[in-house]
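The values are calculated or read from the model by the stated rules, or taken from the named source; none is laboratory data. Everything quoted here is computed from the prediction, not taken from an experiment. Virtual Cβ from ideal backbone geometry, glycine too; neighbours counted across all protein chains shown.
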Amino acid sequence: MLADAVTSIAAISALVAGKFLGWTWMDPLMGIAGSIVILVWVRGLLRDSSKILLDHQAPTTVVESIRSAIEADDDNRVSDIHVWGIGPARYAAALGVVTHNPRPAAHYRRLIAVERGIAHMTVEVSECEDESDDK
């Protein structure tokens with residue numbers, strides 16, 4: 001919105017200066033200046049929105065924080081984890097947990113505090129099979 005307002009004011013100023021002061025060069029100059037303002041705005045917009053639209057991977061600190069929270073409880077091990085951005089500092093996660101003592105998925109969701117920015121999480125829980133069962 002600010003970029004739109006700045007370019008509009010610049011265009012009106014250039015037209016007024018051209019009409020009353022005879023500065024015909026102001027119109028093309030303000031056109032160039034306005035396009036630079038718009039390009040700077042577009043660059044920021046593309047940088048911010050492309051991470052969300054392209055399912056940008058979450059920072060390693062967020063992923064490791066989730067892994068640590070799950071594995072600190074009981075004998076849980078994270079077998080698979082994917083965390084991606086869905087908004088500014090908001091993430092979605094899909095993870096697989098292997099344990100000898102499986103609990104409902106809600107238990108694992110509670111281990112992941114909301115402060116980590118996880119807005120949506122899918123949890124798959126598998127019971128660990130002992131190697132002695134295979135023999």
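A few points about this structure:
- Test: residue in segment 77-84 that is over 12 Å from the mean Cα position of the chain (by Cα), surrounded by 15 or more Cβ atoms within 10 Å (Cβ to Cβ), at pLDDT below 90 and not assigned by TED's automatic domain parsing to the domain that holds VAL6: no
- Residue count for segment 56-80, restricted to those that are touching a strand residue (DSSP E or B) at 6+ places or on another chain (Cβ under 7 Å) and closer than 14 Å to LEU111 by Cβ: 9
- All told, THR7 falls short of being at negative phi and at pLDDT 90 or above.
- The combined condition, being of a type in the set (Gly, Ala, Ser) and out of contact with any Phe, Trp or Tyr (no Cβ under 8 Å at 6 or more places or on another chain), is fulfilled by ALA113.
- Filter result (of a type in the set (Lys, Arg) and exposed (fewer than 14 other Cβ atoms within 10 Å of the Cβ)) within segment 47-58: ARG47
- Subset of segment 1-41 that is exposed (fewer than 13 other Cβ atoms within 10 Å of the Cβ) and among the β-branched types (Val, Ile, Thr) - its residue that is nearest to ALA93 (Cα to Cα): VAL40
- Flag: VAL63 matches the condition of being modelled with pLDDT of 90 or more, within 15 Å of the chain's Cα centre (by Cα), assigned to a helix (DSSP H, G or I) and closer than 30 Å to GLY44 by Cβ.
- Scanning segment 72-124 for residues that are over 15 Å from GLN57 (Cα atoms) and in a strand (DSSP E or B) returns ARG77, VAL78, SER79, GLY96, VAL97, VAL98, THR99, THR122, VAL123, GLU124.
- Selection status of GLY44, exposed (fewer than 13 other Cβ atoms within 10 Å of the Cβ), free of Cβ contacts under 8 Å to residues at least 24 places away in the same chain and either assigned by TED's automatic domain parsing to the domain that holds ASN101 or at positive phi (or both): no
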